[in-house]
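The values are calculated or read from the model by the stated rules, or taken from the named source; none is laboratory data. From a predicted model like this one, the values you see are computed outputs, not experimental measurements. Neighbour counts run over all protein chains shown; Cβ positions are idealised from the backbone, glycine included.
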Amino acid sequence: MLRYVFRRLLTAIPTLFLIITISFFLMHIAPGGPFNMERGIPPEIKANIERVFHLDEPVWMQYFRYLGNLAHGDLGPSYILINFSVAELFAQSLPVSIRIGSWAMLLSLVVGSAMGVLAALRHNKFIDFFIVTLATGGSTLPTFVTAPLIQLIFGLTLKWIWIGGWHDGELAAAIGPIVTLALPQLATVARLMRGSMIEALNAHHIRTARAMGLSDFSVVVKHAMRGALLPIVSYAGPAAAGLVTGSIIVETIFQIPGVGRAFIDGALNRDYTLVMGTVILIAVFTILFNFLSDLLYALVDPRVRYD
Amino acid sequence: MKPVLELKNIKVNFDTLDGNVAAVKNANIVVKAGETIAIVGESGSGKSQLMMGAMGLLAANGKAEGEALFGDQNLIGMSKDQLNAIRGEKITMIFQEPMTSLDPLYTIGNQLIEPIRRHTNLDRSAARECALEMLTLVKIKEPERRLRSYPHEMSGGQRQRVMIAMALANNPQLLIADEPTTALDVTVQAEILELMASLQKKMGMAMVFITHDLGIVKRIANRVYVMRKGEVVEEGDTTTVFAKPKHEYTKALLDAEPSGRKSPPSPKAPIILSGSNVRVTFNIGGGFMGSPAIQLKAVDGISLVLKQGQTIGIVGESGSGKSTLARALLRLLPAQGAINFEGRSITDFDKTQMRPLRKQAQIVFQDPFGSLSPRMTVGQIITEGLIVHEPAMTKAARDLRAIQALEEVQIDPTQRNRYPHEFSGGQRQRIAIARAIILKPKLIVLDEPTSALDRQVQKQIVDLLRDLQKANDLSYLFISHDLAVVRAMADFVIVMKDGAMVEQGSVEDIMDHPREQYTRNLMAAAFNG
Ligand SMILES: Nc1ncnc2c1ncn2[C@@H]1O[C@H](COP(=O)(O)OP(=O)(O)O)[C@@H](O)[C@H]1O
Ligand SMILES: [Mg+2]
């Protein structure tokens, strides 16, 4: 097991390296740069700035310089928000995204699983059709539709929540983006859980449990649900990585100062270091959460053994 | 004696998309204390659903009606709580699928202890002691360690033992066993049957044994119920029913045991196929990341001589290398050792050299579904080989050969433009045989040709194969794990285990005077020894 953990962490390094290299060169191939927008900067000042940031060097030299800094944990300065380093920007935006993302994940896992189990237990009954319809709707409605709807109903009309802004993470500000983020995940979790629970309830060992006179609680929760959770565990890893590293659409619509917003600002302004930093951040979280979900899977299913 | 369970006018219906399915139409069954009854019948006759219906274990779309009396309580229509006080304590069940009947996510110990604690007021450690005792009783080795094992760490036979331990832990009055040995290898089957019979003596519970195997019925049941199409068509003492069956269906069932023996070919008969010291090794894994390959000896130094008109039966449990040996002899697999066909060494023949011989040596497989292309008509299927091997033949001549071949296997030749799915399992196997004999081969490898069929159909196919052999002086390599069929078909038998030969000899020697313990076990398992 320890060997497995070690090996997984070891293989993560080349993966990360590859991602960094590809995105670095892709970004530099794209036309334009951070300081040649229509900002009207005089050419000699622009040249000065570019020299300071080593943007006048050949791309491969910039690449190795970036790698060198990265090896020391330095993500570099932001080119656009001149007074901030990328690390400082993340120190502000990441907690915001994590907070929204993890609540959204928790909400979708708990409510989605519960809905899925309920539908499976009432398979082909009214409640099942109701939940399936809801879940299908939930996963087809795009976020850019649900977000304005939530703003309109709960913000403008009912005035229960803020329409936008972070307001120090006050519940009335956070709840909108949390629910918007959670809805499609919740729908997916509900559908996954329903399917795997229906399968689990029809398994032969469930028949054994019933034939042995075990209680409904034991049959459903102990023997059916544990196995049915396995697909959810596989799904939750990558999904959580996506949620906690911020959503561009939700953070833009609700004007939340999270990683997604930082990324889109950076990308639009060719803020190389900020974009690279975000790419690395997402990659690290994805690798980490995939790893955690694999570990959790092995914990739930004794047939899976890593060594 | 007082009945433990009395099933009166039981009906089981399923609500399906195609309408109502009446799985059990009207069944009456009585089980008295301490006795063993058997319910026999073909698959689909409603045996399982009858007992599931009585125990409240039907699928969600199923509904049971009638009375299932346990004492003076009716199990049908009882509240779940009342039912759960009886299931697992007074009446328990074990099932056909030992591989999947235990929860893969919990240890054996956990699964044994749970129902004990549910139905008694033993504390955890006392329940654990009880579980341990039960594992010892069902002869699980190292029971202490096995308590901590997961199902996937055990074989099918061991898992079925665990199921028996679980079912008997609370000392039930009735054990319902639904084909508990059907999915197991023959030698394991015999062990499990023996275990169940001895435990029944020891613990004195009554037993309902559901099976389609008459050998098992004869061996363990006091009384037998014969089911067909959802109804009980005959019941009585096992000995009476076997000696004087009343219902036509029962007679047909009993009559379906293959019988007769084949005499050996004349000593002057030419040798068709011989192999000496044939070996087949598979490399498993390996290569990737430099890890060494594991070598699996699928066939380990087997020699045989097959004469014209002879049938060699190759018997052994699944995975013992029977099919691999046959394929190696026909050079369908790379193998070591010397192989001769009609006196010529074919050991080093390449594809082109083998082609004319392919016509001479045909194979018929177990699965008549899988081996016939669903998109071709029967006529196309059986003439396909002719197009390859006799390309000069005219279409009309081919059609004539098709008609002859179908007549030989007793399929109406006017049906040759139909598709395989329009035929029954037995008919499909006849079509597969027609596809082989149309080429007028010298040798046919029959790889479990009757294993997927009901006993009655099986008997017809056996008769057909014997007739074809006589008419055309064919040689057969007959592969089967079913010794009753081998006894009726073969004049010489080779017993295989783990790729090696255990023993060989004439069918009389092997069947009537086996020398090796392994062969004796096989015989005991097959013929209620
Ligand atoms: N859930 C179900 N829905 C519809 N038909 C079913 C269902 N379960 C069993 N059946 C049908 O009931 C009949 C009897 O099945 P069964 O009792 O399992 O036969 P067997 O005698 O082999 O044990 C079969 O025709 C089968 O197709
Ligand atoms: Mg059955």
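Annotations
- Selected residue (only one of B:M78, B:M51 is within 14 Å of chain A (Cβ to nearest Cβ) and either closer than 30 Å to B:A452 by Cβ or small (G, A, S) (or both)): B:M51
- Residue count for region B:211-224, restricted to those that are within 14 Å of ligand 2 (Cβ to nearest atom) and part of a strand (DSSP E or B): 1
- For B:T450, the criteria (1) of a type outside the set (D, E); (2) over 25 Å from B:P374 (Cα atoms); (3) within 25 Å of the chain's Cα centre (by Cα) hold in every case but one, which is (2).
- Just one of the listed residues (B:I216, B:I210) is more than 14 Å from ligand 1 (Cβ to nearest atom) and either in contact with a strand residue (DSSP E or B) (Cβ under 8 Å, 6 or more places away or on another chain) or within 14 Å of another protein chain (Cβ to nearest Cβ) (or both), and it is B:I216.
- Test result for B:V208, buried (at least 22 other Cβ atoms within 10 Å of the Cβ), farther than 18 Å from B:A484 by Cβ and within 16 Å of ligand 2 (Cβ to nearest atom): yes
- Residue within region B:42-52 that is in contact with a Ser or Thr (Cβ under 9 Å, 6 or more places away or on another chain), farther than 18 Å from A:R207 by Cα, within 11 Å of ligand 1 (Cβ to nearest atom) and not acidic (D, E) present: no
Results for (1) under 30 Å from A:D168 (Cβ atoms); (2) at pLDDT below 95; (3) within 14 Å of another protein chain (Cβ to nearest Cβ), shown as yes or no for each residue.
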residue	(1), (2), (3)
A:R226	no, yes, yes
A:S234	no, yes, no
A:G242	yes, yes, no
A:S247	yes, yes, no
A:E251	yes, yes, no
A:P257	yes, yes, no
A:A262	yes, yes, no
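Matching residues to (1) in contact (Cβ under 8 Å) with a residue 24 or more places away in the chain; (2) facing chain A (nearest Cβ under 10 Å); (3) touching an Asp or Glu at 6+ places or on another chain (Cβ under 8 Å):
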| residue | (1), (2), (3) |
| --- | --- |
| B:N74 | no, no, yes |
| B:I86 | no, yes, no |
| B:Q96 | yes, yes, yes |
| B:M99 | yes, yes, no |
| B:P104 | yes, yes, yes |
| B:Q111 | yes, yes, yes |
| B:I116 | yes, yes, no |
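- Pick from region B:14-48, criterion within 14 Å of chain A (Cβ to nearest Cβ) and over 17 Å from B:V232 (Cα atoms), ranking: farthest from ligand 2 (Cβ to nearest atom): B:L17
- Any hit, region A:167-176, residues being more than 14 Å from every other protein chain (Cβ to nearest Cβ) and assigned to a loop (DSSP other than H, G, I, E, B): yes
- Selection within region B:164-192 - more than 16 Å from ligand 2 (Cβ to nearest atom) and without any contact (Cβ under 8 Å) to a residue 40 or more places away in the chain: B:N171, B:V188, B:E191, B:I192
- Count - residues of region B:489-529 that are farther than 18 Å from B:T324 by Cα, in contact with a Ser or Thr (Cβ under 7 Å, 6 or more places away or on another chain) and surrounded by 22 or more Cβ atoms within 10 Å (Cβ to Cβ): 6
- As a summary of the residue check, A:S196 satisfies the conditions (1) in contact with a helix residue (DSSP H, G or I) (Cβ under 6 Å, 6 or more places away or on another chain); (2) surrounded by 22 or more Cβ atoms within 10 Å (Cβ to Cβ); (3) of a type in the set (G, A, S) except for the one numbered (2).
- Helices (runs of 4 or more DSSP H) contained entirely in region B:455-529, each with at least 3 residues that are small (G, A, S): B:517-526
- Test: residue in region A:231-248 that is within 25 Å of the chain's Cα centre (by Cα), closer than 24 Å to B:T107 by Cα and of a type in the set (A, V, I, L, M, F, W, C): yes
- The residues of region B:11-43 that are over 21 Å from B:V241 (Cβ atoms) and free of Cβ contacts under 8 Å to residues at least 40 places away in the same chain, listed by number, are B:L17, B:D18, B:G19, B:N20, B:V21.
- If you check A:T180, A:T188 for being closer than 26 Å to A:I127 by Cβ, surrounded by fewer than 20 Cβ atoms within 10 Å (Cβ to Cβ), at pLDDT 90 or above and more than 10 Å from every other protein chain (Cβ to nearest Cβ), only one passes: A:T188.
- Counted as qualifying within region B:130-204 are the helices (runs of 4 or more DSSP H) with 1 or more residues that are within 14 Å of chain A (Cβ to nearest Cβ) and more than 16 Å from ligand 1 (Cβ to nearest atom), namely B:156-168.
- Qualifying helices (runs of 4 or more DSSP H) (wholly inside region A:1-92; at least 3 residues being touching a Gly at 6+ places or on another chain (Cβ under 9 Å) and surrounded by 13 or more Cβ atoms within 10 Å (Cβ to Cβ)): A:59-71
- When residues of region B:228-261 are limited to those that are of a type in the set (S, T, N, Q) and away from ligand 1 (no atom under 16 Å from the Cβ), the one modelled with the lowest pLDDT: B:S259
- Among all positions in region B:56-72, there is at least one residue which is within 16 Å of ligand 1 (Cβ to nearest atom), at positive phi and either more than 14 Å from every other protein chain (Cβ to nearest Cβ) or touching a residue at least 40 places away in the same chain (Cβ under 8 Å) (or both).
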